[in-house]
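*Asks:* My structure is below; once you've seen it, I'll send some questions.
The values are calculated or read from the model by the stated rules, or taken from the named source; none is laboratory data. Here the structure is a predicted model, which means the values were calculated and not measured. Neighbour counts are summed over all protein chains in view; Cβ atoms, including those assigned to glycine, are modelled from backbone coordinates with ideal geometry. Ligands, DNA and RNA are excluded from the accessible area calculation, which covers all protein heavy atoms including side chains. Shrake-Rupley method; radii C 1.70, N 1.55, O 1.52, S 1.80 Å.
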Amino acid sequence: FKAMSCSHYQSGYQQVYIVKTGGKIKYGHSEVGNFTMGDLMFEQNEIEFLPVDAEEAAEQLLIAKWIIRTLAYKYGLDLTFSPKITVGKAGSGLHIHTRVLKDGKNMYITNDGKITDVGLKTIAGMLDIAPSLTAFGNTVPTSYFRLVPHQEAPTNICWGDRNRSALVRVPLGWAIGVEQMLHDANPSETQGINMDAKFKQTIEFRCPDGSADIYLLIAGLIVAARHGFEMNNAIQYANDRYIKVNIFQEHNNETLKNLNQLPASCDESADWLEKQRAIYEKHNVFSPALINGFIKKLRSFNDKTLRAEIENDTDKIMYLVRRFIDVG
């Protein structure tokens, strides 16, 4: 996940304390949302966790957020997981990497580095119910000010292997050429180490942000995978929504026109959750009362046309930013 702080400080302290509580961190680094405004310096940091069982993943994220907030308070810093903190700058997301294992084997990828039918069906399920997954992953009006073109966030329902404009990304670097990657990064690294990195392959869901209800979002992604396995046309559905290009470049407008868009408001997410609720309620994973509660909460913001109404009004956007600065 990503966090913004109104000053510069080393994120290593965060990671040390998270690890001490049992958090399994892959790496942490500074991100693209760094800028200066007046006498404040804003720095965006990303911490990526290693894949663990779903429930443990949710708990690690919640504990990590508590640790980071506590450290920020201790050192007198302002910190937020809000999806948007100013106008015209990249927001903060909560990208979820997933992996399906069977008998200790990664089911997303073949021995020759290709995506399996299991992987394609998982992608299809994520894409098909993506408009309602935003109900759990993008829960405040400012979430939808982040989901706009050219600001490091997806807007359209599609997937790719190297394309960061896609909603679902399958980073295939682990599958093929890992030895060359190691050698390129560190020329002193001997090639021919016979490293099998296919186990590390993930499928990444990129629209959620720090306002997400972590437990329900992860449960929703599991439902999405199951839904993909049950879709009659899942593999074709996924193949039809694969992109090789940056859809935000002008010469790719025709590709963009053929893709469905993510919701543009909490209100629209609520509409989609109402429309797709049976998928979540199947097998009693989500209760009708819980779905009703989320629909009511999202519609209470009354933001159906809000983004279009104030997208050019910096003062009104900043009022919203301040109102939802402490989400998550």
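*Asks:* Hey, among A72, A54, A64, which residue is touching a strand residue (DSSP E or B) at 6+ places or on another chain (Cβ under 8 Å), closer than 26 Å to K200 by Cα, surrounded by 12 or more Cβ atoms within 10 Å (Cβ to Cβ) and of a type outside the set (D, E, K, R)?
*Replies:* Just one listed residue meets the conditions, A64.
*Asks:* What tally of residues in segment 27-48 results from selecting those that are open to solvent by 40 Å² or more (accessible area, probe 1.4 Å) and either in contact with a helix residue (DSSP H, G or I) (Cβ under 8 Å, 6 or more places away or on another chain) or among the aromatic types (F, W, Y) (or both)?
*Replies:* Within segment 27-48, residues that are open to solvent by 40 Å² or more (accessible area, probe 1.4 Å) and either in contact with a helix residue (DSSP H, G or I) (Cβ under 8 Å, 6 or more places away or on another chain) or among the aromatic types (F, W, Y) (or both) number 1.
*Asks:* Filter segment 96-155 down to the residues that are part of a strand (DSSP E or B) and under 18 Å from the mean Cα position of the chain (by Cα) and list them by number.
*Replies:* Restricting attention to segment 96-155, the residues satisfying the condition of being part of a strand (DSSP E or B) are 96-98, 101-102, 105-106, 109, 115.
Within segment 96-155, I96, H97, T98 meet the criteria.
*Asks:* Would you mind stating whether I325 is assigned to a loop (DSSP other than H, G, I, E, B), surrounded by 16 or more Cβ atoms within 10 Å (Cβ to Cβ) and either under 24 Å from the mean Cα position of the chain (by Cα) or touching a residue at least 60 places away in the same chain (Cβ under 8 Å) (or both)? I'd like the intermediate steps shown before the answer.
*Replies:* Working: assigned to a loop (DSSP other than H, G, I, E, B): yes; surrounded by 16 or more Cβ atoms within 10 Å (Cβ to Cβ): yes; either under 24 Å from the mean Cα position of the chain (by Cα) or touching a residue at least 60 places away in the same chain (Cβ under 8 Å) (or both): yes.
Taking the combined requirement at face value, the residue satisfies it.
*Asks:* Okay, moving on. With the condition kept exactly as written, say whether any residue in segment 18-26 is at pLDDT 90 or above, surrounded by 13 or more Cβ atoms within 10 Å (Cβ to Cβ) and part of a loop (DSSP other than H, G, I, E, B).
*Replies:* Yes - at least one qualifying residue is present in segment 18-26.
*Asks:* I need a count of the residues in segment 285-322 that are exposed (fewer than 11 other Cβ atoms within 10 Å of the Cβ) and among the acidic types (D, E). Lay out the reasoning, then the answer.
*Replies:* So the first thing to find is which residues in segment 285-322 are exposed (fewer than 11 other Cβ atoms within 10 Å of the Cβ), and the list is 289, 296, 308, 312, 315.
Add one more test, that the residue is among the acidic types (D, E), and what stays is 315.
Of the residues in segment 285-322, 1 are exposed (fewer than 11 other Cβ atoms within 10 Å of the Cβ) and among the acidic types (D, E).
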